[in-house]
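> My questions all concern the structure below.
Every number in this text was worked out from the coordinates using simple rules, so none of it is lab data. The structure presented is a predicted model; accordingly, all values stated were derived computationally and were not measured. Cβ placement follows ideal geometry from the backbone for every residue including glycine, while neighbour counts extend to all protein chains displayed.
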Amino acid sequence: MDESAADPTAEANRLYWTSDRGVNQIADELGMSKGMLYAAIRPLPAELACPECGAELVYANRTAHERGLLSCASCGNEFDADHSDLEPLAPGATGDRDDAASVRLDLRRARAAQSDTSPNAARTLLGAAALCVGVGVVIGRWLERR
């Protein structure tokens, strides 16, 4: 039996990184929600060492891969693929990928995605604050009359 067929995460990563299919199409094909698919995707190893800490650099997603944007899961630094200080990863160092570093990178991506929606969140917060001030003024005036 094919390993990717037995492991939906491996199949999700294979389709995400090697096909031109859209995320919705891949999710439908695998019977996953789009959120589940994004949770299953792991960064693509670039087999380059981070010039700051020596850990392996990765492409966080397909857009980063297309644009040549590398991330270090250990120290969080980001580099262009044509950065002059990038060197191939030392032989045997690819086995050093740890899940904690991958999780840290996933958290950074989630925070970045969340910050993309911050204008809407800021508007909502501002609207709620204005509503509270208005209610406070009405209650204050009502209490003055009593």
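> Could you tally the net charge around ARG21, taking each other residue with its Cβ under 10 Å from the Cβ of ARG21, Lys/Arg +1 and Asp/Glu -1?
With Lys, Arg at +1 and Asp, Glu at -1, the net is -3.
> Grab the other residues whose beta carbon is less than 10 angstrom from that of PRO51, score K and R as +1, D and E as -1, and report the net.
For residues surrounding PRO51, the net value is -3.
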